[in-house]
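> Quick one: structure below, then a few questions.
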Protein chains: 2
Amino acid sequence: MLSKNQIKILRGLQRKKERKNSGLYIVEGKKIVQEILNSKDDWVELYATKSWLEQYPEYILLENVYEITDKDLTQVSSFKTPNDVMLLLKQKAKTDFLDVHSSDLVLALDGIKDPGNMGTIIRLADWFGVGHILCTSDSVDQYNPKVIQSAMGSLSRVNIHYGDLVQMLMQLKSHKIYACDLNGDSIYDASFNEKAILIMGSESHGISIEVLKMVDFTVTIPSVSNTGIDSLNVASATAISLSLFCSK
Amino acid sequence: MLSKNQIKILRGLQRKKERKNSGLYIVEGKKIVQEILNSKDDWVELYATKSWLEQYPEYILLENVYEITDKDLTQVSSFKTPNDVMLLLKQKAKTDFLDVHSSDLVLALDGIKDPGNMGTIIRLADWFGVGHILCTSDSVDQYNPKVIQSAMGSLSRVNIHYGDLVQMLMQLKSHKIYACDLNGDSIYDASFNEKAILIMGSESHGISIEVLKMVDFTVTIPSVSNTGIDSLNVASATAISLSLFCSK
């Protein structure tokens, strides 16, 4: 059984501020919890329903494992349909920004708000060997439960740097800066043979004017459609752009 | 105010069975509701909070518009944080399967379960001019609230055919069949100059054996990573594949 205080702490971790103050975060759901348990990464506490613990009895006697009722799980979960098990983890240590300089391809995100998009983009970066993502401070937090759900294990393998994007771009003088938006040259005709930063803009506002001023090339994914669709989802656009960057 | 019966009906439409029986579905959230209202498409009923109706007073006096309390909205919504307004709509009429024959590029989905992925794929199809998607019967329903949330207006512009995928593929004799999975030739080296069907498999099981037997070419999106990531999200893989199909 969980104490009221435990429930309060776990619920609190749905908020970015509490995650920042505590340096902790939560991972929910059978599949991703299993992936972390298999990877032997450290975890702080595990909360699971009776049925999950019956399936994995090797965890029952561990000191930092707690049985949780369905009712309590619904209270502390950030999902409408919670999924049997959650892990409490320590946030990873910050990476030195100097490491970004040596990367050939860097991804930069300007104001991404949707956690599902952010998680999918982190996973794409992992797939295409992009080790560093730069994010404006107003972008969604990497430890948001829905980001984690989409990013899966990639969260621990990709380094995310939050801060003033213009300042970060200014430091990376040996990279060419590409922006992907709706008003550039076709991305299929572009060549990317240098060290490059690819900037993707937010779902509703695109790339901010301050950031656009720093861009060397603007590229666009042209639509083949005549139905009037006006934009692609930003995670889909990132998938297509990274695929083209990495195959040329 | 909503009657208990209205609440019951709206809640019921969260289930596929009730949607099928009634031929109705629900669209939730300010942005997509606004898109439908602007498009002048028909709708059956509108449910909105007081604050939404104050912002759009032209709807207040319409006979099929109902004010809904936050409490009732939470009860009928499929989202943990409901968003001020919902529309009740009639499902569109089924398209003749014969129309698929004349399409150059057709997308086929084998057992896609995640509604966010399905919605994103519908939007991608719309962007790349793919007018028809074939889906196995066990794929998530196009009128699932979370599919709609991701597909946005593309749902009304892309035709989705549910049924026995093998049977459907057998009818399309003039198309070459491509499967995208983890064990094929690099998609970057493939050529697609014929009428084609592109098959994407489910998140957890890939493409079924029966369907794979019908495939002419298997293509793979190679990873550039050495971190051990084992798969891409299916919507991301569809984005990359459609982009390559349509640019060659």
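> Name the one entry in B:Val140, B:Val215, B:Val147 that is touching a strand residue (DSSP E or B) at 6+ places or on another chain (Cβ under 8 Å) and of a type in the set (Val, Ile, Thr).
Details: B:Val140 fails: touching a strand residue (DSSP E or B) at 6+ places or on another chain (Cβ under 8 Å); B:Val147 fails: touching a strand residue (DSSP E or B) at 6+ places or on another chain (Cβ under 8 Å).
From the options B:Val140, B:Val215, B:Val147, the qualifying one is B:Val215.
> Would you check which residues across the range A:74-119 are surrounded by 19 or more Cβ atoms within 10 Å (Cβ to Cβ) and more than 30 Å from A:Gln6 (Cα to Cα) and list them?
Listed by number, the residues that qualify are A:Val100, A:Leu105, A:Val106, A:Leu107, A:Ala108, A:Leu109, A:Asp110, A:Gly111, A:Ile112, A:Asn117.
> Now, a different point. Which of the residues that make up the range A:198-226 are more than 22 Å from A:Leu172 (Cα to Cα) and assigned to a loop (DSSP other than H, G, I, E, B)?
A:Glu203, A:Ser204, A:His205, A:Ile221, A:Pro222, A:Ser223, A:Val224, A:Ser225, A:Asn226, listed by residue number.
> Another question, then. Mind checking which residues of the range B:2-44 are on the phi > 0 side of the Ramachandran plot, at pLDDT below 90 and surrounded by fewer than 16 Cβ atoms within 10 Å (Cβ to Cβ)? Break it down into steps so the answer makes sense when it comes.
If we filter the range B:2-44 for residues that are on the phi > 0 side of the Ramachandran plot, which is where we start, we get B:23, B:29, B:40.
Pick out the ones that are also at pLDDT below 90 and you get B:29, B:40.
Within the range B:2-44, just B:Lys40 meets the criteria.
> Restricting attention to the range B:149-167, which residues are at negative phi and within 14 Å of chain A (Cβ to nearest Cβ)? Full working, then the answer.
Taking the range B:149-167 as the starting set, the residues that turn out to be at negative phi are B:149-151, B:153-162, B:164-167.
Within the range B:149-167, B:Gln149, B:Ser150, B:Ala151, B:Gly153, B:Ser154, B:Leu155, B:Ser156, B:Arg157, B:Val158, B:Asn159 qualify.
> So, one more: Quick one: would you say A:Asp141 is more than 11 Å from the chain's Cα centre (by Cα) and either touching a residue at least 40 places away in the same chain (Cβ under 8 Å) or more than 15 Å from A:Ala239 (Cβ to Cβ) (or both)? Explain how you work it out, then say what you get.
Values: more than 11 Å from the chain's Cα centre (by Cα): no; either touching a residue at least 40 places away in the same chain (Cβ under 8 Å) or more than 15 Å from A:Ala239 (Cβ to Cβ) (or both): yes.
No, not satisfied.
> Residues that are touching an Asp or Glu at 6+ places or on another chain (Cβ under 6 Å) and among the aromatic types (Phe, Trp, Tyr): list the helices (runs of 4 or more DSSP H) wholly contained in the range B:4-69 that include at least 1 such residues. Outline the logic, then answer.
Details: elements: B:4-12, B:16-22, B:30-39, B:50-55.
Helices (runs of 4 or more DSSP H) meeting the threshold: B:50-55.
> If you go through the range A:1-50, how many residues are farther than 25 Å from A:Tyr162 by Cβ and of a type in the set (Asp, Glu)?
1
> Residues to consider are A:Gly163, A:Gly184, A:Gly201; find the one that is of a type in the set (Gly, Ala, Ser) and crowded, with 18+ Cβ neighbours inside 10 Å.
On the way: A:Gly163 fails: crowded, with 18+ Cβ neighbours inside 10 Å; A:Gly184 fails: crowded, with 18+ Cβ neighbours inside 10 Å.
Residue meeting the stated conditions: A:Gly201.
> Check A:Lys173 against each of (1) in contact (Cβ under 8 Å) with a residue 24 or more places away in the chain; (2) farther than 19 Å from A:Phe245 by Cβ and name the one condition it does not meet.
Of (1) in contact (Cβ under 8 Å) with a residue 24 or more places away in the chain; (2) farther than 19 Å from A:Phe245 by Cβ, only one is false for A:Lys173: (1).
> Follow-up question, since we're still on this one. Residues in the range B:227-240 that are more than 7 Å from chain A (Cβ to nearest Cβ) and in a loop (DSSP other than H, G, I, E, B): how many?
Total satisfying the criteria: 3.
> Now, a different point. Of the residues A:Gln75, A:Gln91, only one is in contact with a strand residue (DSSP E or B) (Cβ under 9 Å, 6 or more places away or on another chain) and of a type outside the set (A, V, I, L, M); which? Walk me through it before giving the result.
Details: A:Gln75 fails: in contact with a strand residue (DSSP E or B) (Cβ under 9 Å, 6 or more places away or on another chain).
Unique residue meeting the criteria: A:Gln91.
> Looking only at the range A:76-91, count every residue that is within 14 Å of another protein chain (Cβ to nearest Cβ) and not aromatic (Phe, Trp, Tyr) and tell me the total.
Step one: filter the range A:76-91 for residues within 14 Å of another protein chain (Cβ to nearest Cβ), giving A:76-83.
Applying the additional criterion that residues be not aromatic (Phe, Trp, Tyr) yields A:76-78, A:80-83.
The number of residues fulfilling the criteria is 7.
> Taking the options A:Val158, A:Val147, name whichever one is assigned by TED's automatic domain parsing to the domain that holds A:Met118, within 18 Å of A:His101 (Cα to Cα), without any contact (Cβ under 8 Å) to a residue 60 or more places away in the chain and within 10 Å of the chain's Cα centre (by Cα). Break it down stepwise before answering.
Working: A:Val147 fails: within 18 Å of A:His101 (Cα to Cα).
Just a single option satisfies the conditions, and that option is A:Val158.
> Now for a different question. Find all pairs meeting these conditions: Cβ atoms under 6 angstrom apart; at least six residues apart or on different chains; first residue within the range A:1-25 and over 20 Å from A:Lys50 (Cβ atoms); second residue part of a helix (DSSP H, G or I) and of a type in the set (Val, Ile, Thr).
Listed pairs, sorted by first residue: A:Arg11/A:Val76.
> Can you give me the number of residues within the range B:38-76 that are without any contact (Cβ under 8 Å) to a residue 12 or more places away in the chain and closer than 23 Å to B:Tyr143 by Cβ? Please lay out each step first, then the result.
Taking the range B:38-76 as the starting set, the residues that turn out to be without any contact (Cβ under 8 Å) to a residue 12 or more places away in the chain are B:38, B:40, B:54-58, B:60-61, B:63, B:71, B:74.
Applying the additional criterion that residues be closer than 23 Å to B:Tyr143 by Cβ yields B:38, B:40, B:74.
Qualifying residue count, the range B:38-76: 3.
> Sort out which residues of the range A:199-219 are within 14 Å of another protein chain (Cβ to nearest Cβ) and modelled with pLDDT of 95 or more, and write them in order of number.
Residues satisfying the conditions are A:Met200, A:Val219.
> Quick one: in the range B:176-216, which of the residues that are hydroxyl-bearing (Ser, Thr, Tyr) and in contact (Cβ under 8 Å) with a residue 40 or more places away in the chain is nearest to B:Leu244 (Cα to Cα)?
At the first step, the residues of the range B:176-216 found to be hydroxyl-bearing (Ser, Thr, Tyr) are B:178, B:186, B:188, B:191, B:202, B:204, B:208.
Next, only the ones that are in contact (Cβ under 8 Å) with a residue 40 or more places away in the chain stay: B:178, B:188, B:191, B:202, B:204, B:208.
On the way: B:Tyr178: 13, B:Tyr188: 7, B:Ser191: 9, B:Ser202: 20, B:Ser204: 24, B:Ser208: 24 Å.
That would be B:Tyr188.
The values are calculated or read from the model by the stated rules, or taken from the named source; none is laboratory data. Every value quoted in this text rests on a predicted model; they were computed, and no experiment measured them. All Cβ positions, even for glycine, are placed from backbone atoms using ideal geometry, and neighbour counts span all protein chains on display.
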